[in-house]
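Asks: Sharing a structure below in structure tokens format, with a few things to ask.
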Amino acid sequence: MFDNLSGRLQGIFSGLKSKGRLSEADIDAALREVRMALLEADVNYKVVKGFIANCRERCLEAKVMQSLNPSQNVIKVVLDELTALMGSTNTKLILSSRIPNVIMLVGLQGSGKTTAAAKLAYRLKRDGHSPLLVACDVYRPAAADQLQTLGDEIGVKVYRGDGKDPIAIAKTGVRFAIDNLRDVVIIDTAGRLHVDDEMMDEAARIKEATDPDYIFMVLDAMTGQDVVNVAQTFASKVDFDGVIMSKMDGDARGGGALSIRQITGKPIMFISAGEKPQDLEPFYPDRMAKRILGMGDVVGIIERAVEMADQEQAAQQAERMLKDEFTYVDFLDTLKQVKKMGGLSKLLKDLPGGDKALASGQVDEGELDRIEAIINSMTKQERMKPGLINGSRRERIAKGAGVEVYDVNQVIKRFNETRKMMKKMQGMVPQGKPGKGKKGKKGKGGNMRQMMGMMRSMGLDGMDLSKFR
Amino acid sequence: MAWFDKLSRGLSNTRNSFTESMNVLFRRGPKLDENFYDDLEETLILGDMGFQAAEDIVASVRDTARRKALPDAQAVMDLLEDSIAQQFKQAERDPFTDLPSLVLFVGINGAGKTTTVGKLAKIAKDRGDAVLIGSADTFRAAAIEQLDIWGERAGVEIVKRERGADPASVCYDVIQRGEETGAQLILIDTSGRLHTSKDLMRELQKVVNVTRKRSGIPVSVVLVMDATTGQNGLQQAREFNKSLDLDGVIITKLDGTAKGGIAVAVSRELELPIYRIGVGESIDDLQAFDAHEFARALITG
Ligand SMILES: Nc1nc2c(ncn2[C@@H]2O[C@H](COP(=O)(O)OP(=O)(O)OP(=O)(O)O)[C@@H](O)[C@H]2O)c(=O)[nH]1
Ligand SMILES: [Mg+2]
């Protein structure tokens, strides 16, 4: 089930590409595949139906049918429709001037509310707020302990109240925030089934008692068709404002995001993609649509790289690269950055074709460590002047790293390929945002290039790099 | 009898939604035409059975119905029920009653592992078995405390270590303690993880290997899966099975409106039995799995 949506669409469209002009039957054939893929991505059956009907209508417009490049246009139609369905712009969390702001989290059992609460707190704290976490799950054993532990880890106060009455805890929690100069209150509530009237009523009463600025529903990215029933009931009983999609670091396509948008009209606000506090990212509809269509979240990767990379160092690297002096030192730096960004798999997942590489088991995270060990076993001189590395040096390096000469040769080969690759890729990568200064700009481009080259050299040749334009 | 009510309530929720869908079908009349079978497929897909499984099952039901010249929709529905039930692999051994037995619980974050361990411990304890539980979730915040409370509720001893300890060595401790006390049923909780995390899957593999090697009693590895899971559930099951060689599955949260149709696909493809179903958050909310009842719940209510 892994790469179905993107893989299949890529398949269909490469089929279309070779055909030139499209007939109505071609479009229907393509859309049948799209339909199947969407279903396998857990987009709700009824949502799929409407989606396909819309796409069909638009595809049949003369413009698409008679253009010189109809397959491109079909892709565009599907992508546009998908993006439109996801919400056309990224929604920002805007806090009001009211102190404290109240954010309440709701959702099914096991959807990831508690972790999301901590991540949200971490994010707000990072942005200069002083959040307070309030533990209103009094049912699940040790739920408050869990929140407490997470709060302690990120240095955010957790309010537990009497640990008995969720409504009272929520209310006094807000009071506590006021008294202790906390500007945002994040209320973690117990997981509940949408058909549990008593519990849904409790959620409504917590809402009433605290008048939240935002209510977020936390939704597991793996949720299937039932998402429609769940979201509908939560929307009508507590009327949430937005959605946090959790467990996005898995390989679920997250078709539920589409369904929930369509059914409730509520925006997806954040995606949660990992177990660490910093693994909460804003949601970009266009990226999600692209991810679903297998076109890769290139922008996301660039941003992550920018966040992580030391600008100065990156600028130097870029400088050197432009002069084609890419060395093992740079290679090692890039490697470390890839690791920092969550390893190859995380990076790859966002790239076109990356899913396929992942699925086919071409990615071995241990490989990074091996390469690192080999480079570490080189002398400083060798690292700066790769040309120095002859046969006897290779033997020494292999010994030092505890590997075979063959492995060293492989790394050298990859290094050389990367170097070549980078030369080719110059100019292919989008420049950074304007207004960040020259150095930063170069740095970004340089980093991206390096990383892509790296991945290329790791044997991921199936990737379609032309999409990076 | 409160628990019994709850069980049937849980099941009937599952049934109701399906019945609703099916009623729509029936109002269309008993004519066994294209639409009838399309709608059948739709209902199964909406129940998370997956496009492929739904298509296969409906196609074969349709064939048989034509061959046997089944008279009406009701007869076809009966056939469908049988076909669905037949997709499930029968358990050869019940690791919770065929003792001695050691069971490791694995699965995605929040699937219901810890709760299920608590429920099963209670049932075995009430039956008079010597039960021991172990907390190999040394990763998630307050996971040990959570299982501790379940241990208390069930009146069962728990073996644990501090957070961050090596989960494999916890299993070692549990087995040792089990041998000392003569435990007949040992239940070990592990931390939730995504099947896509190579490192965490490797870690779990080590836990399972150590346990299989060290244990003097039969070891089973059970995947706990949330009934709301969509098609990714199949991928989950595949990966967990590939890494750990699973023995069976427990489906939780069937007290909601999710139909748990993915269980059909999982059992069918990986030939894994469903041992139990979870139908609520209380200690008694666990039920035996009955393929026919499950299938009937899906279709007729
Ligand atoms: N409604 C319902 N809720 C359940 C069921 N089983 C478990 N839950 C709830 O699901 C949530 C998660 O259950 P846990 O047992 O903590 O899940 P877990 O797999 O141990 O979770 P992690 O250890 O965090 O990965 C809790 O709120 C449970 O009460 C069930 O059958 N029905
Ligand atoms: Mg647990």
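Asks: Considering (1) more than 12 Å from chain B (Cβ to nearest Cβ); (2) surrounded by fewer than 23 Cβ atoms within 10 Å (Cβ to Cβ); (3) in contact with a Lys or Arg (Cβ under 7 Å, 6 or more places away or on another chain), say which one A:V156 fails and leave the rest.
Replies: (2)
Asks: Being hydrophobic (A, V, I, L, M, F, W, C) and within 16 Å of ligand 1 (Cβ to nearest atom) is the filter here; which residues of the stretch B:248-286 pass it?
Replies: Looking only at the stretch B:248-286, we keep the residues that are hydrophobic (A, V, I, L, M, F, W, C), and these are B:249-251, B:254, B:258, B:262-266, B:270, B:272, B:274, B:277, B:279, B:283, B:286.
If the condition is that a residue be hydrophobic (A, V, I, L, M, F, W, C) and within 16 Å of ligand 1 (Cβ to nearest atom), then B:V249, B:I250, B:I251, B:L254, B:A258, B:I262, B:A263, B:I274, B:I277, B:V279, B:I283, B:L286 are the ones that fit.
Asks: Could you list all residues from the stretch B:178-198 that are within 14 Å of chain A (Cβ to nearest Cβ) and within 16 Å of ligand 1 (Cβ to nearest atom)? Can you show your working first?
Replies: Here is the first cut: in the stretch B:178-198, the ones within 14 Å of chain A (Cβ to nearest Cβ) are B:189, B:191-198.
Answer for the stretch B:178-198, where residues must be within 14 Å of chain A (Cβ to nearest Cβ) and within 16 Å of ligand 1 (Cβ to nearest atom): B:D189, B:S191, B:G192, B:R193, B:L194, B:H195, B:T196, B:S197.
Asks: Kindly list the number of the only condition in (1) on the phi > 0 side of the Ramachandran plot; (2) buried (at least 24 other Cβ atoms within 10 Å of the Cβ); (3) not polar (S, T, N, Q) that fails for A:I268.
Replies: (1)
Asks: Collect the residues in the stretch A:250-265 that are facing another protein chain (nearest Cβ under 9 Å), open to solvent by 10 Å² or more (accessible area, probe 1.4 Å) and touching a strand residue (DSSP E or B) at 6+ places or on another chain (Cβ under 8 Å), keeping them in residue-number order.
Replies: Within the stretch A:250-265, no residue meets the criteria.
Asks: In the set B:I277, B:I283, which member is within 16 Å of ligand 2 (Cβ to nearest atom) and over 17 Å from A:G250 (Cβ atoms)?
Replies: Details: B:I277 fails: within 16 Å of ligand 2 (Cβ to nearest atom).
Just one listed residue meets the conditions, B:I283.
Asks: Select from the stretch B:99-125 the residues that are within 13 Å of ligand 2 (Cβ to nearest atom) and in a loop (DSSP other than H, G, I, E, B) and write down the one among them that is nearest to B:Q205 (Cα to Cα).
Replies: Looking at residues that are within 13 Å of ligand 2 (Cβ to nearest atom) and in a loop (DSSP other than H, G, I, E, B), I get B:G107.
Asks: Another question about this same structure. So which pairs qualify, if the first residue must be in the stretch A:384-401 and surrounded by 13 or more Cβ atoms within 10 Å (Cβ to Cβ), the second must be outside any helix (DSSP H, G or I), the Cβ gap must be under 7 Å, and the two must be at least 6 apart or on different chains?
Replies: A:M384/A:T327; A:P386/A:T327; A:I397/A:S377; A:I397/A:M378; A:A398/A:E404; A:G400/A:S377; A:A401/A:S377
Asks: Quick check, is A:Y122 of a type outside the set (A, V, I, L, M, F, W, C) and within 14 Å of another protein chain (Cβ to nearest Cβ)?
Replies: Details: of a type outside the set (A, V, I, L, M, F, W, C): yes; within 14 Å of another protein chain (Cβ to nearest Cβ): yes.
So A:Y122 fits the description; yes.
Asks: Within the stretch B:206-233, work out how many residues are within 21 Å of B:P273 (Cα to Cα) and either away from ligand 1 (no atom under 16 Å from the Cβ) or in contact with a Gly (Cβ under 8 Å, 6 or more places away or on another chain) (or both). Show your work before the answer.
Replies: Initially, the stretch B:206-233 is screened for residues within 21 Å of B:P273 (Cα to Cα), giving B:208, B:212, B:217-233.
After this cut, where a residue has to be either away from ligand 1 (no atom under 16 Å from the Cβ) or in contact with a Gly (Cβ under 8 Å, 6 or more places away or on another chain) (or both) as well, the list is B:208, B:212, B:217-220, B:222-233.
Residues that pass the stated criteria total 18.
Asks: Under 9 Å between Cβ atoms, at least 6 apart or on separate chains: pull out the pairs that start in the stretch A:365-382 with a residue that is among the basic types (K, R) and end on any residue that is open to solvent by 20 Å² or more (accessible area, probe 1.4 Å).
Replies: Sorted first by the residue in the stretch A:365-382, then by its partner, the pairs are A:R370/A:D364; A:R370/A:A401; A:R370/A:V403; A:R370/A:D407; A:K380/A:V329.
Asks: Which one is farthest from the other protein chains (Cβ to nearest Cβ) among residues in the stretch B:99-147 that are open to solvent by 10 Å² or more (accessible area, probe 1.4 Å) and on the phi > 0 side of the Ramachandran plot?
Replies: This residue is B:G128.
Asks: B:V266 - would you say it is open to solvent by less than 10 Å² (accessible area, probe 1.4 Å), under 22 Å from B:A53 (Cα atoms) and within 16 Å of ligand 2 (Cβ to nearest atom)?
Replies: Numbers: open to solvent by less than 10 Å² (accessible area, probe 1.4 Å): yes; under 22 Å from B:A53 (Cα atoms): yes; within 16 Å of ligand 2 (Cβ to nearest atom): no.
For B:V266, the condition - open to solvent by less than 10 Å² (accessible area, probe 1.4 Å), under 22 Å from B:A53 (Cα atoms) and within 16 Å of ligand 2 (Cβ to nearest atom) - is not met.
Asks: Need the failing condition index for A:I244 against (1) among the hydrophobic types (A, V, I, L, M, F, W, C); (2) crowded, with 24+ Cβ neighbours inside 10 Å; (3) at pLDDT below 95, just the number.
Replies: With (1) among the hydrophobic types (A, V, I, L, M, F, W, C); (2) crowded, with 24+ Cβ neighbours inside 10 Å; (3) at pLDDT below 95 applied to A:I244, the lone miss is (3).
Asks: Just to be sure I understand, how many residues within the stretch B:269-291 are in contact with a Phe, Trp or Tyr (Cβ under 8 Å, 6 or more places away or on another chain), within 14 Å of chain A (Cβ to nearest Cβ) and buried (at least 20 other Cβ atoms within 10 Å of the Cβ)?
Replies: 2
Asks: Another one. Scan the stretch A:112-137 residue by residue and report those that are modelled with pLDDT of 95 or more, within 12 Å of ligand 1 (Cβ to nearest atom) and outside any helix (DSSP H, G or I).
Replies: A:D137
Asks: Hey, could you check the stretch B:219-238 for residues that are buried (at least 24 other Cβ atoms within 10 Å of the Cβ) and touching a Leu at 6+ places or on another chain (Cβ under 6 Å) and say which is farthest from the other protein chains (Cβ to nearest Cβ)?
Replies: B:V221
Asks: Looking at B:G164, B:G134, can you tell me which residue is within 13 Å of ligand 2 (Cβ to nearest atom) and either modelled with pLDDT under 95 or assigned to a strand (DSSP E or B) (or both)? Walk me through it before giving the result.
Replies: On the way: B:G164 fails: within 13 Å of ligand 2 (Cβ to nearest atom).
When all the criteria are applied, what remains is B:G134.
Asks: Can I ask one more? Identify all residues within the stretch A:115-153 that are within 26 Å of the chain's Cα centre (by Cα), open to solvent by less than 40 Å² (accessible area, probe 1.4 Å) and touching a residue at least 60 places away in the same chain (Cβ under 8 Å); write none if there are none.
Replies: A:A116, A:A117, A:A118, A:K119, A:L120, A:A121, A:L124, A:L150
Asks: Of everything in the stretch A:23-79 that's under 20 Å from B:I45 (Cβ atoms) and part of a loop (DSSP other than H, G, I, E, B), which residue is modelled with the lowest pLDDT?
Replies: Top of the filtered list is A:A41.
The values are calculated or read from the model by the stated rules, or taken from the named source; none is laboratory data. These numbers were taken from a predicted model, which means no experiment stands behind them. Positions of Cβ are generated from backbone atoms using ideal geometry, with glycine treated the same way; all protein chains shown enter the neighbour counts. These accessible areas exclude ligands, DNA and RNA; they are computed on the full protein's heavy atoms, side chains included. Shrake-Rupley method; radii C 1.70, N 1.55, O 1.52, S 1.80 Å.
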